[in-house]
Amino acid sequence: MVPVYLPRVPPTSPALAVVGVAVLDGDGGPAVPGRTVVAAGGVIERVGPAGDVAPPAGAVVVDGSGATLLPGFIDAHVHLGFYPPAEVLAGGVTTVRDLGWPPDRLAALAEGAAAPGSASPRLLAAGQIVTVAGGYPTRAPWAPPGTARPVDGPAGAVRAVAELAAAGAAVIKVALDDRVGPTLPAAVLAALVTAAAERGLGVTAHVGTAAEAAKALAAGVGELAHWPFDPRPLPDPLVDALAESVVAVPTLHIDPSPARRAGVRRFVARGGRVVYGTDLGNQGPPPGVDTEELALLVEAGLEPGRALAAATSLAAAHLGLTDTGRIVPGARADLLLVEGDPLDDLAALERVLLVTRDGRVRG
């Protein structure tokens, strides 16, 4: 089970009905116009034609004419502590995965995310970033003290995984950035991946160059937290092998170099799986949906609907969240209402009309 910090939503929360709206379910398909979506008790109860679904008595009714309703966005790579969580939620991001923060500060964020009626996005977290002495991010200007968890040898890596798992980590993050310092040796990385798997956890890697990407692949790392930052294009055979074995969270917007864009384009063309993430708070954009990141994913070969799915249903599936990322009965009422049609104009995602987390309206 993936650890997630959740509030309890009282069953007496007012029902919400968005009527006459175009619904983008999050499954990658087209928008379906003229729908009514009813949510109550924190979950979606009904979705259907406006003429067939009536708002329940006492519901808050929202006119969805000219608007599109999507699942709340899921950002798979943030550093939430850099911004007030309420700003992140108000921008339409209802679930985040934090990929590197000190334990004490993360505990405070987790407590806020789990509070009843929280104005924070739902929070998953990696906790500290496993690295070696002097390795990234031990000297990174952005990283508060305690963000890094240096280890020495395979036994030390196994202990670090045990500690992070006990603290509730949803994934283990490792640093393999040879551009700025030493990195985990191959044997240590392999021991860490095995220890994480024994605890039901995946491993995501911050990778510098092609050599470290190849090391991650050989060790069985299942996710790239960024597309590698190598200024040279990754060799085609390496990209093809990555496409067969890993999920990429490209974060192209933070460094849209020709080499990175070309690598993700080939990765997508070879069937590689992509999940939306922004690096919010480190190099990433301010709170809200990053339409430039989505545009770069489209440029890399994803259809617009697929790019939106990478931030909703596909992200939810990758993170093990079975009850969010879709607009279907029984799903959590994490909703984003925007003016216009994002499939025609991604900038519509910046025209936020309403955000709900577990059916509670945020603004």
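Angle of helix 103-114 to the longest C-alpha principal axis of the chain, folded into 0 to 90 degrees and rounded to 10: 20°. Our coupling estimate for region 319-327, obtained by passing each phi through the Karplus curve with A = 6.51, B = -1.76, C = 1.60 and θ = phi - 60°, is 8, x, 9, 8, 10, 8, x, 9, 10 Hz, Gly and Pro reported as x. Each Cα pair under 8 Å and six or more residues apart adds its sequence gap; the mean of these over the residue count of the chain is a relative contact order of 22 percent.
Taking amide H atoms as placed 1.01 Å from N in the peptide plane, the amide H of VAL61 lies under 5 Å from those of ALA17, each 5 or more residues away in sequence or on another chain.
Note on region 187-243: Kirkwood hydrodynamic radius from all Cα pairs is 11.7 Å, rounded to one decimal.
Springs join every pair of Cα atoms under 10 Å in this Gaussian network model of the chain, and among THR324, THR291, THR68 the largest mean-square fluctuation is at THR291. Couplings 3J(HN,Hα) of region 157-169, computed from phi: 5, 5, 5, 4, 4, 4, 5, 5, 5, 5, 7, x, 4 Hz, in residue order, whole Hz [Karplus 6.51 cos²θ - 1.76 cosθ + 1.60, θ = phi - 60°; x for Gly and Pro].
Normalising by the residue count of region 199-335, find the relative contact order in percent from Cα pairs under 8 Å and 6+ residues apart. After rounding, I find 17 percent.
Count the net charge of all other residues whose Cβ sits under 12 Å from the Cβ of VAL188, scoring Lys and Arg as +1 and Asp and Glu as -1. Local charge sum for VAL188: +1. Average projection, convex hull of the Cα set of region 1-156: 12.1 square nanometres.
What's the angle, to the nearest 10 degrees (0 to 90), between helix 186-198's Cα axis and the longest principal axis of the chain? Once rounded, one gets 40 degrees.
May I ask for the percentage of alpha-carbon pairs in region 139-285 that lie more than 22 Å from each other? Mind showing how you got there, number by number?
Working: 3999 of 10731 pairs.
Summing the P(r) of region 139-285 above 22 Å gives 37 percent of all pairs.
Given the choices (i) 5, 24, 32, 27, 11, 1, 0; (ii) 5, 19, 24, 21, 18, 10, 3, 0; (iii) 6, 26, 33, 23, 10, 3, 0, P(r) over Cα pairs in 10 Å bins from 0, in percent derived from the coordinates of this structure is entry (iii). In order along region 348-353, phi translates into HN-Hα couplings of 4, 5, 8, 9, 6, 9 Hz, rounded to whole numbers, per the Karplus curve 6.51 cos²θ - 1.76 cosθ + 1.60 with θ = phi - 60° and x for Gly and Pro.
Rule-based calculations on the coordinates, nothing more; no lab input. This is a predicted model, so every value here is computed, not measured. Please note: Cβ atoms are built from the backbone with ideal geometry, for glycine as well, and neighbour counts cover all protein chains shown.
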